[in-house]
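Q: Quick one: the structure is below, questions incoming.
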Amino acid sequence: QPLLQRQADAKTVGWDAEDDEIELSGPLKSPVGAMARGTNANANAGQREIVSKTGRRKARRWTEAEAELLVDLVQKFGKGRWKTILLAGQEEGKFQGRTGVDLKDKYRNLETMAAKIEVEGL
C-alpha cells in the first residue's frame, strides 16, 4: 500500500475541545511554559522579565560598573561560581535581570577582549 493512501477500514473521529478536562498545577497554573507568557521561569529573579515577541529576553547593555564588579567577584570567588557571583552582585544592587549564564558569557567576552588587546600591544 502507498503510504498516503487512505485505508478502507479507517475511521474518522471528531474532536470536541470542550470535553477536555486538564488539571493544572504549579505556580503559573498553565500547561504552557512561562516563556510563552512573557515571564522568566528563573525563580531567582523574583520578578517578571521583559521579553520580546520571539520569547527571548531583551538584551541589556552592561554598564562599566557591572563589568568591573564582575571581574572583581570572579577574582574573589573563582571562575565557574556564577550563581555565587550573581547573588553577591545582586546584594550590591547590580546584575538585576541577569542570569549566571549572562555573567559567564560576559566574562568570556572580557577575557577575549583582554587577550586581543595584549596581542596587539606586544
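Q: Please go through region 96-109 and give me each residue that is among the hydrophobic types (A, V, I, L, M, F, W, C) and surrounded by 16 or more Cβ atoms within 10 Å (Cβ to Cβ), ordered by number.
A: Result: L103, single match.
Q: When only residues in region 96-122 that are under 14 Å from the mean Cα position of the chain (by Cα) and not acidic (D, E) count, which is farthest from L73 (Cα to Cα)?
A: G97
Q: Do any residues in region 95-107 that are on the phi > 0 side of the Ramachandran plot have Cβ atoms under 7 Å from those of residues that are at pLDDT below 95, where the two are at least six apart or on different chains, and which pairs are they?
A: Once the first residue is on the phi > 0 side of the Ramachandran plot and sits in region 95-107, its partners that are at pLDDT below 95 give G97/A45; G97/E49; G97/R60.
Q: Next up: Report the residue count in region 77-95 for those that are assigned to a helix (DSSP H, G or I), open to solvent by less than 80 Å² (accessible area, probe 1.4 Å) and in contact with a Gly (Cβ under 6 Å, 6 or more places away or on another chain).
A: 2
Q: So, one more: Please list, ordered by first then second residue, the pairs with beta carbon atoms under 9 Å, 6 or more apart or interchain, first in region 53-73 and over 14 Å from L86 (Cβ atoms) and without any contact (Cβ under 8 Å) to a residue 24 or more places away in the chain, second in a helix (DSSP H, G or I) and not polar (S, T, N, Q).
A: That search, which allows pairs on different chains as well, returns G55/M35; G55/A36; R56/M35.
Q: Taking only region 52-76 into account, find how many residues are open to solvent by less than 30 Å² (accessible area, probe 1.4 Å), at negative phi and not in a helix (DSSP H, G or I).
A: Of the residues in region 52-76, 0 are open to solvent by less than 30 Å² (accessible area, probe 1.4 Å), at negative phi and not in a helix (DSSP H, G or I).
Q: In region 78-92, what residues are at positive phi and within 20 Å of the chain's Cα centre (by Cα)?
A: The one that is at positive phi and within 20 Å of the chain's Cα centre (by Cα): G80.
Rundown of residues vs (1) within 25 Å of G89 (Cα to Cα); (2) modelled with pLDDT of 55 or more, yes/no style:
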| residue | (1), (2) |
| --- | --- |
| S25 | no, yes |
| L28 | no, no |
| R37 | no, no |
| N40 | yes, no |
| N44 | yes, no |
| R60 | yes, yes |
| L70 | yes, yes |
| L73 | yes, yes |
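The values are calculated or read from the model by the stated rules, or taken from the named source; none is laboratory data. Quantities reported herein were computed from a predicted structural model and do not represent experimental measurements. Ideal geometry is used to build each Cβ from the backbone, glycine not excepted, and the neighbour counts take in all protein chains shown. These area figures cover heavy atoms from the full protein model, side chains too; ligands, DNA and RNA do not enter into them. Shrake-Rupley method; radii C 1.70, N 1.55, O 1.52, S 1.80 Å.
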